[in-house]
1. Residues being assigned to a loop (DSSP other than H, G, I, E, B) and touching a Lys or Arg at 6+ places or on another chain (Cβ under 9 Å): count how many of those fall in region 144-174.
2. Given the residues Ala168, Ala193, Ala200, Ala216, which is the only one that is at pLDDT 95 or above, over 19 Å from Pro38 (Cα atoms) and not aromatic (Phe, Trp, Tyr)?
3. Among the listed residues Val93, Val179, which satisfies the condition of being at pLDDT 95 or above and farther than 20 Å from Ser223 by Cα?
4. Assess whether Ser284 counts as being closer than 16 Å to Ala99 by Cα, at pLDDT below 90 and under 16 Å from the mean Cα position of the chain (by Cα).
5. Which members of region 264-284 meet the condition of being outside any helix (DSSP H, G or I), surrounded by 18 or more Cβ atoms within 10 Å (Cβ to Cβ) and touching a residue at least 40 places away in the same chain (Cβ under 8 Å)?
6. Residues to consider are Glu149, Glu201, Glu165; find the one that is touching a residue at least 60 places away in the same chain (Cβ under 8 Å) and under 21 Å from the mean Cα position of the chain (by Cα).
7. Looking for something farther than 27 Å from Phe96 by Cβ, open to solvent by 10 Å² or more (accessible area, probe 1.4 Å), modelled with pLDDT under 90 and in a loop (DSSP other than H, G, I, E, B) - is there at least one such residue anywhere in region 230-249?
8. Val84 fails exactly one of the following numbered conditions: (1) surrounded by fewer than 24 Cβ atoms within 10 Å (Cβ to Cβ); (2) free of Cβ contacts under 8 Å to residues at least 60 places away in the same chain. What is the number of that condition?
Amino acid sequence: MSSEARTQMVQATDGRQLEVVSAGPEDGRCFLFHSGTPSAAAAYPPLVAQLAKRGLRLVTFSRPGYAASSAMHGRGVGDVATDVQAVLDALKVGSFFCAGQSGGGPHALACARCFRTASSPPRHSPGSPPWGAEALDWLGGMGPENLEEFGAALKGQEALEAYLEREAAAIHDMRPDDVAASLGGLVSDVDKAALTGGYAEYMAGVLRRAVSTGIAGWRDDTSRSPARGGSTWGRSRLPWPVWQGGEDRMVPMPHGAWLAAHIPGAEVHLLPEEGHLSLALNRS
């Protein structure tokens, strides 16, 4: 069994290229991971090791517009299902587990809706309910950087792109020691404590690669976040664990509580002492 990460390019049905990273036992069952926003495909060694102990193989890919994955003009969250199918076909994967963290959460939920024949349930770490969700202050409790980003998105694509270009320039050469400070008010004390050592190195690399070919992926992720209209929330009937930290400044606790209340059969794990990043680190 090799724990070394393997990177390959997979062709989507429309001819785009998708950057896919896998690690762990090649004969292991697939654990498909949708990373946050912004991000690029990467394998965090401690996570790979924990999955391998359970006979699982990590599979993740850079969403369109991130790193080496071709951009997809007008991409919506639901489009991820077609790309996931291309990845699974290329890797000859049948059943799979699915997980999403942060901005990857809605993409994991889209898979839950579309892949009803999957024998294993998707898993979810904090994502966001739809903008305008009843009985939820969507922006309440978020750090100032999130408020600025989503505020730009609500003004339109030009304003959002201008904001993201500035932010991308600041993280283009991100080093591990810079990660916590660069996230500013988005990280609570527990998250700052988590952003050290190998995890800080991993996060710095993910952020650098996310913007290495431009902001298209980040723009498309963000422009769909504060969008009104139909959604996939609540339509899955598969078992769905929801993990949420109370010290989360990116996706505050009320978001996780709202999801838990609106997803049928949700298994609720609301942990008041955890943050956005510490939750993923400590529960991997």
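1. The total comes to 3.
2. Working: Ala168 fails: over 19 Å from Pro38 (Cα atoms); Ala200 fails: over 19 Å from Pro38 (Cα atoms); Ala216 fails: over 19 Å from Pro38 (Cα atoms).
Result of the check over Ala168, Ala193, Ala200, Ala216: Ala193.
3. Numbers: Val93 fails: at pLDDT 95 or above.
Being at pLDDT 95 or above and farther than 20 Å from Ser223 by Cα holds for just one of Val93, Val179, which is Val179.
4. On the way: closer than 16 Å to Ala99 by Cα: yes; at pLDDT below 90: yes; under 16 Å from the mean Cα position of the chain (by Cα): yes.
It is true that Ser284 is closer than 16 Å to Ala99 by Cα, at pLDDT below 90 and under 16 Å from the mean Cα position of the chain (by Cα).
5. Residues of region 264-284 that are outside any helix (DSSP H, G or I), as a first pass: 264-275, 283-284.
Next, only the ones that are surrounded by 18 or more Cβ atoms within 10 Å (Cβ to Cβ) stay: 266, 271, 274-275.
Of everything in region 264-284, those that are outside any helix (DSSP H, G or I), surrounded by 18 or more Cβ atoms within 10 Å (Cβ to Cβ) and touching a residue at least 40 places away in the same chain (Cβ under 8 Å) turn out to be Glu274, Gly275.
6. Values: Glu201 fails: touching a residue at least 60 places away in the same chain (Cβ under 8 Å); Glu165 fails: touching a residue at least 60 places away in the same chain (Cβ under 8 Å).
The conditions single out Glu149.
7. no
8. (1)
The values are calculated or read from the model by the stated rules, or taken from the named source; none is laboratory data. This one's a predicted model, so the numbers in the text were calculated from it and none came from an experiment. Ideal geometry is used to build each Cβ from the backbone, glycine not excepted, and the neighbour counts take in all protein chains shown. Surface accessibility is based on the protein's heavy atoms, side chains included, excluding ligands, DNA and RNA. Shrake-Rupley method; radii C 1.70, N 1.55, O 1.52, S 1.80 Å.
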